1. Quick test for you: out of LEU203, LEU178, pick the one residue that is at pLDDT 75 or above, over 14 Å from ALA136 (Cα atoms) and in a strand (DSSP E or B).
2. Here are some conditions: (1) modelled with pLDDT under 90; (2) aliphatic (A, V, I, L, M); (3) over 21 Å from ALA136 (Cβ atoms). LEU39 meets all but one. Which one does it not meet?
3. Taking segment 181-200, which residues are under 18 Å from the mean Cα position of the chain (by Cα), modelled with pLDDT under 70 and of a type in the set (Gly, Ala, Ser)?
4. Any chance segment 81-92 includes a residue that's among the β-branched types (Val, Ile, Thr), open to solvent by less than 10 Å² (accessible area, probe 1.4 Å), more than 20 Å from PRO154 (Cα to Cα) and in contact (Cβ under 8 Å) with a residue 24 or more places away in the chain?
5. Say we look at segment 63-98 and pick out the residues that are in a loop (DSSP other than H, G, I, E, B) and among the hydroxyl-bearing types (Ser, Thr, Tyr); which of these is farthest from GLY138 (Cα to Cα)?
6. What number of residues within segment 72-95 satisfy the criterion of being on the phi > 0 side of the Ramachandran plot and modelled with pLDDT of 95 or more?
7. Only residues that are open to solvent by less than 40 Å² (accessible area, probe 1.4 Å) and acidic (Asp, Glu): list them for segment 1-35, please.
8. Would you pick out the residues in segment 107-126 that are surrounded by 13 or more Cβ atoms within 10 Å (Cβ to Cβ) and at positive phi?
Amino acid sequence: DGYPTITFINGVHHIWWCSSHADSTGGDAVYHATKPTQLGPGGWTVHGEVVNHLLSPVATDLTCDPSLVKGDFVFESVHYAYALYYTYNTGSGGTDNAVAVAFSNNGADFEFYSDPVILPDDGFTGLYGAGASSAAWGPNVGVLNTWYYDTSHPGGGLGQVRYKSSTDGIAFTPTPSLPTSLALGFGPANFAGSPDVAYSPVLREWFAETGRLDALGPNNELILELLIIRSHDGLEPTAEW
């Protein structure tokens, strides 16, 4: 269980996360739970899977890495309050990933867009691909920003965290994507470093939470660090984090 996205709606906490022990599909799926009281241990009511490869029109056998944003999204002439972006795979073993979107007005029932919204810049080549996205609003009104991992752009033997934006939540530009200086958070055997990005209008800065592969331990285990990094001009390709 991991990669959570959380929001607070009318006095109720909502959380969506990825579980590798999906009940009905046998592969990774996105679950939804709610809690009407203060945050803390326990008290969550799990409502089950809301995104899986049986519901998704594009996934082969995995859906993961949810990122939910609130807004006004129009899909098939219907207005939706929430867009949930998720990683899905087209290859086997979690390879050839891309990012898709589903829309909802209650966080539990989703309408799925039938095509990917973010693809790896070099296409599907049998590697990880593109995924683990984080969508967030910023100071530019009406522009939805997203950061994601793409193995089309090697960085130190790994992929890179890339940037795109959208005005409707479906069409993201530019292609190819823009580079960022966000810390590389992915190891060759552990994709635990997907960035979670948000903008603070009070401080006028972007903040990102991400993992970083630091070293191998004495028993050859991965040692990961959790980082909080920030940027004043996070939307610029040359922005320093």
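1. Working: LEU203 fails: in a strand (DSSP E or B).
That would be LEU178, the only listed residue that is at pLDDT 75 or above, over 14 Å from ALA136 (Cα atoms) and in a strand (DSSP E or B).
2. LEU39 satisfies every listed condition except (3).
3. ALA183, GLY185, GLY187, ALA192, GLY193
4. No, there is no match, as no residue in segment 81-92 is among the β-branched types (Val, Ile, Thr), open to solvent by less than 10 Å² (accessible area, probe 1.4 Å), more than 20 Å from PRO154 (Cα to Cα) and in contact (Cβ under 8 Å) with a residue 24 or more places away in the chain.
5. Step one: list which residues in segment 63-98 are in a loop (DSSP other than H, G, I, E, B), which gives 76-77, 90-96.
Narrowing further to those that are among the hydroxyl-bearing types (Ser, Thr, Tyr): 77, 90, 92, 95.
Values: SER77: 25, THR90: 31, SER92: 36, THR95: 31 Å.
Only one residue tops the list, namely SER92.
6. At the first step, the residues of segment 72-95 found to be on the phi > 0 side of the Ramachandran plot are 76-77, 93-94.
Those still in the list that are modelled with pLDDT of 95 or more too: 76-77.
Count: 2.
7. Residue satisfying the conditions is ASP28 alone.
8. To start, the set of residues in segment 107-126 that are surrounded by 13 or more Cβ atoms within 10 Å (Cβ to Cβ) comprises 107-108, 110-113, 116-122, 124-125.
Listed by number, the list holds a single entry, GLY107.
The values are calculated or read from the model by the stated rules, or taken from the named source; none is laboratory data. Source: prediction; values computed, not measured. In this analysis, Cβ positions are derived from the backbone assuming ideal geometry, glycine residues included, and neighbour counts consider all displayed protein chains. Only protein heavy atoms, including side chains, enter the accessible area calculation; ligands, DNA and RNA are left aside. Shrake-Rupley method; radii C 1.70, N 1.55, O 1.52, S 1.80 Å.
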